[in-house]
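**Q** Here's a structure for you.
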Amino acid sequence: MATTITSECINCGACEPECPNTAIYAGGVPWELNGTPGAAIAQDIYYIVPSKCTECVGFHDHEACAAVCPVDCCIPDPANLETEGVLLQRARELHPETTFPDDAPSRFRKEGGAAGG
Ligand code: SF4
């Protein structure tokens with residue numbers, strides 16, 4: 001993943017349109033990737049599909065969902081830490097039409113590295 005939405009989500013919906021990977025869905029809504037559906041991961045709050053989340057690597061130097069969340073409940077999942085390399089490769093697989101340079105925007109490269117957010 002590794003961004004995840006905690007139970008503090010108030011269902012405002014602000015994060016969903018910000019995700020460059022369409023990885024965020026409302027609770028109860030099935031997700032899909034390349035036409036293949038998946039069962040909703042959360043029923044009552046918004047959720048992020050781990051296999052579609054790049055922590056915005058490739059697009060932004062921060063997680064776009066976290067930037068707009070009014071209650072700061074979009075956080076790095078401590079149970080699912082991934083490297084910048086893994087996330088960049090995922091961005092390339094999710095967006096085969098896009099060329100991502102090795103130094104594409106990444107939260108890992110902003111001041112202070114991956115700490116904070
Ligand atoms: Fe929930 Fe935050 Fe997304 Fe609003 S922005 S739906 S509170 S995770």
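The values are calculated or read from the model by the stated rules, or taken from the named source; none is laboratory data. Source: prediction; values computed, not measured. Virtual Cβ from ideal backbone geometry, glycine too; neighbours counted across all protein chains shown. Accessible surface is based on the protein model in full, side chains and every heavy atom, while ligands, DNA and RNA are left aside. Shrake-Rupley method; radii C 1.70, N 1.55, O 1.52, S 1.80 Å.
**Q** Taking the residues in region 14-25 that are near the ligand (Cβ under 8 Å from one of its atoms) and either at positive phi or part of a loop (DSSP other than H, G, I, E, B) (or both) as candidates, determine which candidate is surrounded by the most Cβ atoms within 10 Å (Cβ to Cβ).
**A** C15
**Q** Looking at H95, H60, can you tell me which residue is surrounded by 14 or more Cβ atoms within 10 Å (Cβ to Cβ) and touching a Pro at 6+ places or on another chain (Cβ under 6 Å)?
**A** When all the criteria are applied, what remains is H60.
**Q** Show me the strands (runs of 3 or more DSSP E) entirely contained within region 28-100 in which 2 or more residues are without any contact (Cβ under 8 Å) to a residue 12 or more places away in the chain and of a type outside the set (A, V, I, L, M).
**A** Correct list: 36-38.
**Q** Still on this structure, please answer the following. Tell me the residue from I75, I5, I48, I41 that is open to solvent by 70 Å² or more (accessible area, probe 1.4 Å) and at pLDDT 95 or above, please.
**A** Testing whether each residue is open to solvent by 70 Å² or more (accessible area, probe 1.4 Å) and at pLDDT 95 or above leaves just I41.
**Q** Quick one: would you say N11 is within 15 Å of the ligand (Cβ to nearest atom), within 22 Å of K110 (Cβ to Cβ) and assigned to a loop (DSSP other than H, G, I, E, B)?
**A** No: the conditions fail for N11.
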